[in-house]
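Enquirer: A single structure is presented below for examination.
The values are calculated or read from the model by the stated rules, or taken from the named source; none is laboratory data. Small disclaimer: the values here were computed from a predicted structure and weren't measured. Cβ placement follows ideal geometry from the backbone for every residue including glycine, while neighbour counts extend to all protein chains displayed.
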Amino acid sequence: MPRVGVVGAAGKMGKTLVKMIQESPDLDLAAAVDLPGLQVIGQDAGIVAGIGEMGVSIADDLAQVVADIDVLIDFTIAVATEKNLEICHKAGTRMVIGTTGLSESQTARLDEISSSVPVVFASNYSIGVNATFQLVEMAAGIFGDTVDVEIIESHHRHKVDAPSGTALSLGEHVAKGLGRDLASVSRHGRHGLTGARDRETIGFHAVRGGEIVGEHTVMFIAGGERLEITHRAQSRANFAEGALRAAGWIVSQVPGRYDMLDVLGLAR
Ligand code: NAD
C-alpha cells in the first residue's frame, strides 16, 4: 500500500486529507508535516484532524521523514512547495501538488524536477472542475471569435492569491479552444476609463468573502445569447478525493509532469 505524507497537515486541506486517508483502504498515512513553531508540532495528525489518534505525529521538517514515504501530498503555500520540491527531488519521492499561486520561476523548477521525479500538479483536483475544463474548451471551439469570454471566481475571505489557479486553468482551456495565447489576452478586473472591450481578451474577476469553498463561472457572451458554465464546490472533500486518487495513481507512473486530466484518463 502506498505510504503517503501530508505536508500542511494542520491546514484546511491537510486535515481533510488526513481524515480521508484514514478512511481509505488503499493508502497509508506515514508522515505528517507542518510549519516549525506551530502548536500542533509533535501532536498526533489524527487528533489535529479531529478523528482520534492515528499514530503519526506532526513533524516540522520534511527532510527528516521523506524516507518514510512513497508520495508527498502538498497543499501549503508557494514558498513551502518550492522547498518541498527540492527535498522530494533529492529523495526521489513522488509528489501530488495542490498549492496554487506558484510563480513562473517556481513552476519552471517544478517542470525541471518532474523530468526525473513523477509529479501531479493540478490547480483543482475536483472531478467536476476537470469535466468543466473539457466543457469550456469545447464551448470555446464552437463559438470561436463570436463571443466575449469572462471568467468569474468566488472564494472564502482567507484566500491569499487571485485569480484562483482554477480560474487561470479555465482560461487556458478557453484560450486553447479559441486558438489564443492566454498570457497575451488575459485582462484582470476593470477600473476607470477602460475603453470598449476588445473581443480578443479573456476577462478575470475575483470575489472574496465569508467561507465560500470555491465557485467558477465561465461566460460566453454573444450578441443575442449568453452561455454560462458554472462549477460550485460545496466541501473540500472533493479536492481531497481527487488528490488521493492522484496519489494512488502517481506511484506507478514514469517521471513527468501530470495533471488531473491524466489521472482521470481524459488527457488529449
Ligand atoms: P491553509 O492555510 O488552511 O493550510 C496551509 C497549511 O500549510 C497550514 O497548516 C500552514 O501552516 C502550512 N504551511 C505553510 N508553510 C509551511 C511550510 N513552510 N512547511 C510546512 N507547512 C507549511 O490553506 P488550505 O485552504 O488548506 O490551502 C492550501 C493550498 O492549497 C492553497 O494554495 C490553496 O489555494 C490550495 N488549494 C488547492 C486546491 C486544488 O484542488 N488544487 C484545493 C483547495 C486548496
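Enquirer: From the list Arg257, Arg232, which one is without any contact (Cβ under 8 Å) to a residue 40 or more places away in the chain, outside any loop (DSSP other than H, G, I, E, B) and under 16 Å from the mean Cα position of the chain (by Cα)?
Expert: Exactly one of Arg257, Arg232 is without any contact (Cβ under 8 Å) to a residue 40 or more places away in the chain, outside any loop (DSSP other than H, G, I, E, B) and under 16 Å from the mean Cα position of the chain (by Cα), namely Arg232.
Enquirer: Quick one: would you say Asp60 is touching a Pro at 6+ places or on another chain (Cβ under 7 Å) and under 11 Å from Ala9 (Cβ atoms)?
Expert: Considered against the rule, which asks whether it is touching a Pro at 6+ places or on another chain (Cβ under 7 Å) and under 11 Å from Ala9 (Cβ atoms), Asp60 comes out as yes.
Enquirer: Moving on to the next point. Taking only segment 29-57 into account, find how many residues are hydrophobic (A, V, I, L, M, F, W, C) and away from the ligand (no atom under 14 Å from the Cβ).
Expert: Residues meeting the conditions: 6.
Enquirer: Identify, please: which residue in segment 99-116 is β-branched (Val, Ile, Thr) and farther than 20 Å from Gly242 by Cα and is, among those, nearest to the ligand (Cβ to nearest atom)?
Expert: Thr107
Enquirer: In addition: Restricting to segment 122-165, what's the tally of residues that are part of a helix (DSSP H, G or I), within 14 Å of the chain's Cα centre (by Cα) and not hydrophobic (A, V, I, L, M, F, W, C)?
Expert: Going through segment 122-165 one residue at a time, the tally reaches 3.
Enquirer: Taking the condition more than 16 Å from the ligand (Cβ to nearest atom) and either touching a residue at least 60 places away in the same chain (Cβ under 8 Å) or not in a helix (DSSP H, G or I) (or both), does Val96 pass?
Expert: Taking the combined requirement at face value, the residue does not satisfy it.
Enquirer: So, one more: What number of residues within segment 29-58 satisfy the criterion of being buried (at least 16 other Cβ atoms within 10 Å of the Cβ) and touching a Ser or Thr at 6+ places or on another chain (Cβ under 6 Å)?
Expert: Summing the residues that are buried (at least 16 other Cβ atoms within 10 Å of the Cβ) and touching a Ser or Thr at 6+ places or on another chain (Cβ under 6 Å) in segment 29-58 gives 1.
Enquirer: Out of all the residues in segment 59-72, is one or more more than 10 Å from the ligand (Cβ to nearest atom), buried (at least 19 other Cβ atoms within 10 Å of the Cβ) and over 25 Å from Gly256 (Cα atoms)?
Expert: So far as segment 59-72 goes, no, none of its residues is more than 10 Å from the ligand (Cβ to nearest atom), buried (at least 19 other Cβ atoms within 10 Å of the Cβ) and over 25 Å from Gly256 (Cα atoms).
Enquirer: Of (1) exposed (fewer than 15 other Cβ atoms within 10 Å of the Cβ); (2) over 30 Å from Asp111 (Cβ atoms); (3) not charged (D, E, K, R), His188 satisfies all except one. Which?
Expert: (2)
Enquirer: Which one of these is outside the structural domain of Val71 (by TED's automatic domain parsing), more than 15 Å from the ligand (Cβ to nearest atom) and more than 13 Å from Val149 (Cα to Cα): Arg190, Arg208?
Expert: Matching residue, one of Arg190, Arg208: Arg190.
Enquirer: If you don't mind, another one. Among residues belonging to segment 155-185 that are surrounded by fewer than 11 Cβ atoms within 10 Å (Cβ to Cβ) and of a type in the set (A, V, I, L, M, F, W, C), point out the one that is nearest to the ligand (Cβ to nearest atom).
Expert: By that ranking, first place goes to Val160.
Enquirer: When only residues in segment 83-93 that are outside any loop (DSSP other than H, G, I, E, B) and surrounded by fewer than 23 Cβ atoms within 10 Å (Cβ to Cβ) count, which is nearest to the ligand (Cβ to nearest atom)?
Expert: Taking segment 83-93 first, the residues outside any loop (DSSP other than H, G, I, E, B) are 83-91.
If we keep only those that are surrounded by fewer than 23 Cβ atoms within 10 Å (Cβ to Cβ) too, we end up with 83, 86-87, 89-91.
Details: Lys83: 6, Glu86: 12, Ile87: 10, His89: 16, Lys90: 16, Ala91: 16 Å.
Top of the filtered list is Lys83.
Each row is one residue, and each column tells you yes or no for (1) farther than 20 Å from Thr76 by Cα; (2) of a type in the set (Asp, Glu); (3) at pLDDT 95 or above; (4) not in a helix (DSSP H, G or I).
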{"site": "Ala167", "(1), (2), (3), (4)": "no, no, yes, no"}
{"site": "Glu172", "(1), (2), (3), (4)": "yes, yes, yes, no"}
{"site": "Asp198", "(1), (2), (3), (4)": "yes, yes, yes, yes"}
{"site": "Ile212", "(1), (2), (3), (4)": "no, no, yes, yes"}
{"site": "His216", "(1), (2), (3), (4)": "yes, no, yes, yes"}
{"site": "Gln253", "(1), (2), (3), (4)": "yes, no, yes, yes"}
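Enquirer: When you scan segment 133-155, how many residues do you find that are without any contact (Cβ under 8 Å) to a residue 60 or more places away in the chain and under 15 Å from Ala222 (Cα atoms)?
Expert: 4
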